[in-house]
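The values are calculated or read from the model by the stated rules, or taken from the named source; none is laboratory data. All of these numbers come straight from a predicted model, not from anything done at the bench. Cβ sites come from the backbone with ideal geometry, for glycine too, and all protein chains shown count toward neighbours.
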Ligand code: HEM
Ligand code: HEM
Ligand code: SF4
Ligand code: SF4
Ligand code: SF4
């Protein structure tokens with residue numbers, strides 16, 4: 001482990017990568033404890049905010065021994081410095097009905113595909129992925145990851161109307177209206193006279209609220225996948241950023257889908273490596289060069305889902321307006337013929 | 001060390017495959033869960049499409065652990081939870097069991113051993129915090145210590161689900177705020193520019209890197225007593241502490257000048273409203289170990305105002321959004337000062353550019 005701070009040179013921390021989703025057998029935990037008892041201080045953070053097991057307090061000469069033994073039972077070293085960092089995924093598929101994609105497979109496919117970037121720090125600054133199975137975002141990916149993969153769906157919310165009626169019978173109509181219907185951020189919900197639910201799915205932004213409240217009656221749709229938001233980070237140095245939408249939807253089911261995601265991650269990491277200034281997070285790079293230039297750099301087409309609203313400032317050069325309109329039309333026509341071919 | 005053996009080549013295995021360690025029922029029903037409910041605070045019950053059921057008991061741990069505690073958790077898992085466990089991002093331990101009958105003895109055992117069972121649903125979940133004195137390069141205070149004091153106070157809200165919605169409390173030991181956004185965030189706020197030990201700067205610090213790090217360009221190279229050093233434009237300095245890690249002679253921490261600030265209304269989930277950042281409520285609280293009574297008082301005041309006034313499922317920030325900031329300051333009897341007005345980039349977006357006001 002490289003040590004950044006001279007005054008703590010005899011207090012090394014080993015960051016090691018836990019099993020994806022933080023699942024343990026007691027056998028694995030005990031073995032880890034035995035190794036750390038032998039070589040280190042016995043202090044452990046389970047887990048650091050980035051998702052590492054942080055073994056804290058090891059002399060320089062024991063670092064290698066501790067690592068070797070941990071490595072033998074399956075643990076690898078996490079990220080530190082200007083590198084790809086250790087990642088995290090929510091419990092998701094393993095025990096949560098809201099999960100919209102296979103978090104473990106996605107997490108391992110992405111991170112294990114770029115171990116070189118993790119173990120040989122050569123990026124302009126840190127780069128973090130995080131994986132949440134649905135918009136509840138239990139691992140706080142939007143804010144804590146440069147590259148957030150968050151599950152969502154494209155078709156209609158699945159409704160069991162009998163269970164809706166049961167729910168209303170249990171909690172009462174007023175509560176149903178106050179707590180479910182009026183909390184929908186886009187007014188997509190309406191309670192019918194027979195206590196069934198009407199959902200305007202075209203207006204639903206997939207916020208999860210109604211599904212969270214009525215876990216038995218409602219579920220995410222069947223056409224599930226994930227979205228990608230890029231650029232989240234903490235305060236240093238320009239202030240906090242949330243990630244913003246870059247890919248509104250992608251399927252994550254077939255081997256091909258996963259290949260595509262990996263290729264996309266590679267494009268983004270390469271762009272970051274080549275274009276970010278030293279000590280600049282990718283959110284800051286995007287801020288500096290503008291989202292449109294970033295999209296061009298990574299080969300992603302513009303989409304209205306990427307903005308809260310179109311620009312309000314009129315100070316811009318638009319002399320290539322007609323060409324840009326043509327591009328949009330061509331893309332629309334292509335999409336239309338593709339969906340026709342599919343039918 | 002005298003062994004002349006070949007250095008061992010590391011196996012770059014990356015992220016570990018969790019399936020060999022996962023509870024068998026979770027593995028069997030991976031991606032096949034249908035719905036869940038909660039039997040009581042701290043106990044989840046999940047049902048799979050195929051009819052399998054699993055019960056999960058969640059208990060708080062202190063994140064900062066020692067071998068004894070981890071082994072104790074392992075003993076509990078071996079005796080009562082089929083030899084498996086997992087952790088949540090907020091350092092709660094979770095034990096899965098395959099019959100409802102196992103839940104009672106597991107809960108009892110955890111409580112006997114001093115692990116509070118709770119943290120589910122509309123409760124105050126385990127505080128997410130950075131590591132403070134133990135492992136940070138610049139801890140203004142001991143985040144873990146503040147957490148301990150607060151959790152003693154908030155324990156009762158961890159083990160019941162009596163809040164309007166879940167409450168995430170975070171703490172951070174510097175303004176960079178590694179603890180993250182929270183419904184309530186308790187963060188160190190430095191109030192004095194760094195004091196520079198000029199004798200050391202030349203030897204210890206890579207000066208251009210330190211200069212580049214300052215968010216307000218307040219650091220310049222300087223010669224002091226004939227030695228290369230740095231100087232800080234104290235009028236510009238925002239006391240963020242960012243220059244300290246790359247240059248420890250720039251001492252930012254002081255027993256009196258290191259204060260604590262409380263922020264509210266941060267949220268990560270997309271449920272109902274979009275994710276938001278937390279906003280400043282109180283600064284200038286003394287760093288007063290070992291119990292930090294001033295901080296605890298402010299936090300509990302805010303928490304109980306929320307508990308009393310918010311509607312079911314409103315998060316802290318959503319509640320304030322509805323009632324407005326004037327009413328928030330009125331209900332909590334906290335002062336509103338010029339420091340509450342943002343002046344960083346984009347500050348204009350935080351001003352009220354409408355005629356909507358609250359009286
Ligand atoms: C008590 C002191 C500190 C502790 C315990 C601490 C710990 C941490 C932890 C756990 C993270 C990971 C957060 C996450 O990925 O979820 C983090 C991130 C970070 N820390 Fe610290 N840190 C401390 C002080 C500092 C200081 C003094 C600096 C620089 C001046 C700093 C710079 C950063 C930066 C830039 C990040 C990344 C934030 C991001 O994700 O955008 N930290 N720190
Ligand atoms: C049984 C599986 C789970 C379900 C059904 C679930 C449900 C939810 C819901 C409904 C929300 C949104 C709350 C709201 O704003 O209304 C949420 C947020 C959150 N969940 Fe979970 N959760 C689950 C597992 C977890 C786990 C294992 C963790 C890790 C400790 C976790 C951590 C969080 C956090 C930190 C947030 C808040 C993010 C924020 O807004 O600041 N959840 N979860
Ligand atoms: S993010 Fe969604 S899928 Fe993942 S654990 Fe949370 S609620 Fe479940
Ligand atoms: S998921 Fe959210 S946006 Fe969609 S209908 Fe339910 S409450 Fe409304
Ligand atoms: S404390 Fe922050 S603002 Fe002040 S000189 Fe250091 S880096 Fe600059």
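Please tell me if residue A:152 is more than 16 Å from ligand 3 (Cβ to nearest atom) and modelled with pLDDT of 95 or more. Criteria not met by residue A:152.
Of the residues making up the range A:195-211, at least one is in a loop (DSSP other than H, G, I, E, B) and more than 14 Å from ligand 4 (Cβ to nearest atom).
Within the range B:255-267, if we keep just the residues that are assigned to a loop (DSSP other than H, G, I, E, B) and in contact with a strand residue (DSSP E or B) (Cβ under 9 Å, 6 or more places away or on another chain), the residue that is farthest from ligand 2 (Cβ to nearest atom) turns out to be B:256. Against the condition more than 10 Å from every other protein chain (Cβ to nearest Cβ), surrounded by fewer than 19 Cβ atoms within 10 Å (Cβ to Cβ), at positive phi and assigned to a loop (DSSP other than H, G, I, E, B), how does residue B:114 come out, does it pass? Against the criterion (more than 10 Å from every other protein chain (Cβ to nearest Cβ), surrounded by fewer than 19 Cβ atoms within 10 Å (Cβ to Cβ), at positive phi and assigned to a loop (DSSP other than H, G, I, E, B)), residue B:114 qualifies.
Please work out which one of (1) facing chain B (nearest Cβ under 7 Å); (2) within 16 Å of ligand 1 (Cβ to nearest atom) is the condition residue A:95 fails and give its number. Condition (2) is where residue A:95 drops out.
Per-residue answers, yes or no, for (1) touching a helix residue (DSSP H, G or I) at 6+ places or on another chain (Cβ under 9 Å); (2) not in a loop (DSSP other than H, G, I, E, B):
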{"position": "A:239", "(1), (2)": "no, no"}
{"position": "A:260", "(1), (2)": "no, yes"}
{"position": "A:285", "(1), (2)": "yes, yes"}
{"position": "A:292", "(1), (2)": "no, yes"}
{"position": "A:302", "(1), (2)": "yes, no"}
{"position": "A:312", "(1), (2)": "no, no"}
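The rows are residues; the columns are (1) within 16 Å of ligand 4 (Cβ to nearest atom); (2) assigned to a helix (DSSP H, G or I).
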| residue | (1), (2) |
| --- | --- |
| B:210 | no, yes |
| B:246 | no, no |
| B:253 | no, no |
| B:271 | yes, no |
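When the residues of the range B:62-82 are filtered to those that are within 7 Å of chain A (Cβ to nearest Cβ) and either within 16 Å of ligand 3 (Cβ to nearest atom) or outside any strand (DSSP E or B) (or both), the one that is nearest to residue B:127 (Cα to Cα) is B:63.
Could you check the range B:285-359 for helices (runs of 4 or more DSSP H) lying wholly inside it with 2 or more residues that are under 19 Å from residue B:156 (Cα atoms) and in contact with a helix residue (DSSP H, G or I) (Cβ under 8 Å, 6 or more places away or on another chain)? So that I can check it myself, show each step before the final result.
Working: elements: B:293-309, B:316-323, B:325-332.
Of the helices (runs of 4 or more DSSP H) lying wholly inside the range B:285-359, those with at least 2 residues that are under 19 Å from residue B:156 (Cα atoms) and in contact with a helix residue (DSSP H, G or I) (Cβ under 8 Å, 6 or more places away or on another chain) span B:293-309.
In the set (1) away from ligand 2 (no atom under 16 Å from the Cβ); (2) in contact (Cβ under 8 Å) with a residue 24 or more places away in the chain; (3) surrounded by 23 or more Cβ atoms within 10 Å (Cβ to Cβ), the condition left unmet by residue A:120 is number (3).
Kindly indicate whether residue A:168 is assigned to a helix (DSSP H, G or I) and within 27 Å of the chain's Cα centre (by Cα). Taking the combined requirement at face value, the residue does not satisfy it. Residue B:272 passes every criterion in (1) in contact with a strand residue (DSSP E or B) (Cβ under 9 Å, 6 or more places away or on another chain); (2) over 12 Å from residue B:186 (Cα atoms); (3) more than 16 Å from ligand 5 (Cβ to nearest atom); (4) modelled with pLDDT of 95 or more apart from (1). Identify all residues within the range A:199-232 that are within 16 Å of ligand 2 (Cβ to nearest atom) and in contact with a helix residue (DSSP H, G or I) (Cβ under 7 Å, 6 or more places away or on another chain); write none if there are none. Hits for the range A:199-232 are A:210, A:213, A:214, A:216, A:217, A:218, A:219, A:220, A:229, A:232. The set of residues in the range A:23-45 being free of Cβ contacts under 8 Å to residues at least 40 places away in the same chain, touching a strand residue (DSSP E or B) at 6+ places or on another chain (Cβ under 9 Å) and closer than 18 Å to residue B:17 by Cα consists of A:24, A:25, A:26, A:29.
Out of B:272, B:311, B:327, B:315, which single residue is farther than 28 Å from residue B:238 by Cβ and within 19 Å of the chain's Cα centre (by Cα)?
Values: B:272 fails: within 19 Å of the chain's Cα centre (by Cα); B:311 fails: within 19 Å of the chain's Cα centre (by Cα); B:327 fails: within 19 Å of the chain's Cα centre (by Cα).
Result: B:315 is the single residue among B:272, B:311, B:327, B:315 that is farther than 28 Å from residue B:238 by Cβ and within 19 Å of the chain's Cα centre (by Cα).
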